[in-house]
Amino acid sequence: MDLLWRLIFCLTISSLILILHKWIGNYPASFPQSPEPKKELKDVLLLWCIAVIFPILRIFAISPWLSNIINQRFFMELVYVPILATTYIAIPLIFIIRRNKWSTADLGLNWRVKSWSVAVFAVTLGALSGFTAFISNQVVISSDPISVGTLILLLFNNDFIEEFFHRGIIQSKLERAIGQHKAILLGGILFGMTHIAFDISMLLETGILFVFLAFVLQTMLGWLLGIIYMKTRSLWPGITCHYLINWLPSILVGIFG
């Protein structure tokens with residue numbers, strides 16, 4: 001994605017954040033205040049460290065090693081399923097969430113959407129963003145054709161994992177510690193910072209300005225997805241939006257060439 005398109009995306013997303021925040025749907029009642037807010041913040045810091053360290057290991061160690069023994073993306077993504085499930089689901093659930101006795105609804109794993117207007121907004125935004133990226137060839141990740149099997153695995157490996165971890169766990173913990181709006185603000189910044197490993201890998205090729213704009217874009221996407229999750233109290237609208245932004249261009253390339 002070139003510089004002009006990054007700027008356009010940043011300006012567009014900032015406008016959509018304002019519209020979604022002020023005029024679409026309502027914020028629900030906040031989660032109960034944690035009796036130990038400092039402990040919640042310590043948990044968030046630990047989770048964020050996991051989210052930063054693992055991508056670095058993935059880029060510089062795990063993926064190069066796997067690429068030497070696996071030459072098909074489908075099988076590589078298949079190998080990543082248990083690795084990602086352990087890192088982003090099992091570890092937080094066993095060592096952090098279990099002691100809080102959260103339900104599936106507390107994690108956003110329910111279909112009872114609090115605001116259907118926000119859910120419709122999320123799906124529409126994802127579809128329009130993915131289609132715009134397809135026709136302009138200015139994609140967030142890639143427009144290479146991807147097999148159906150790989151696209152299904154990416155729904156879990158990329159979009160479900162990120163939304164569950166960053167919104168369902170981290171943002172929910174932040175809300176219990178510092179309130180709704182601060183949780184969205186800080187959660188989005190942490191989401192942007194967890195992508196820094198990917199941004200650094202581009203540094204020598206694209207320059208520091210592109211890296212900074214990539215961070216800003218990811219942070220604003222975190223804010224947007226954070227508001228979607230907050231107002232719907234469900235992960236599924238955000239997962240759908242996230243998936244369409246990332247992978248609809250590849251789907252359309254596979255269909256239309």
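The values are calculated or read from the model by the stated rules, or taken from the named source; none is laboratory data. For clarity, every value in this text was computed on a predicted model and none was experimentally measured. Every residue, glycine as well, gets a Cβ built from its backbone with ideal geometry; the counts of neighbours run over all protein chains shown. Accessible surface is based on the protein model in full, side chains and every heavy atom, while ligands, DNA and RNA are left aside. Shrake-Rupley method; radii C 1.70, N 1.55, O 1.52, S 1.80 Å.
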Exactly one of V113, V123 is open to solvent by 40 Å² or more (accessible area, probe 1.4 Å) and out of contact with any Lys or Arg (no Cβ under 6 Å at 6 or more places or on another chain), and that residue is V123
Which one of the conditions (1) modelled with pLDDT under 95; (2) open to solvent by less than 50 Å² (accessible area, probe 1.4 Å) does L190 fail to meet, given that it meets all the rest?
(1)
Looking at I152, I161, I196, I141, which is the one that is among the hydrophobic types (A, V, I, L, M, F, W, C) and free of Cβ contacts under 8 Å to residues at least 12 places away in the same chain?
I152
Does L45 satisfy the condition of being buried (at least 18 other Cβ atoms within 10 Å of the Cβ) and at pLDDT 95 or above?
no
Could you look through region 48-83, keep only residues that are of a type in the set (G, A, S) and within 21 Å of the chain's Cα centre (by Cα), and pick out the one that is surrounded by the most Cβ atoms within 10 Å (Cβ to Cβ)?
A51
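Hand me the list of helices (runs of 4 or more DSSP H) wholly inside region 133-233 holding 3 or more residues that are in contact with a helix residue (DSSP H, G or I) (Cβ under 6 Å, 6 or more places away or on another chain) and within 22 Å of K42 (Cα to Cα). Walk me through how you get there before you give the answer.
On the way: elements: 148-154, 172-178, 180-194, 196-206, 208-232.
Answer list for region 133-233: 172-178, 180-194, 208-232.
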Of the conditions (1) of a type in the set (A, V, I, L, M); (2) out of contact with any Ser or Thr (no Cβ under 8 Å at 6 or more places or on another chain); (3) without any contact (Cβ under 8 Å) to a residue 40 or more places away in the chain, I189 satisfies every one except a single condition; which number is it?
(2)
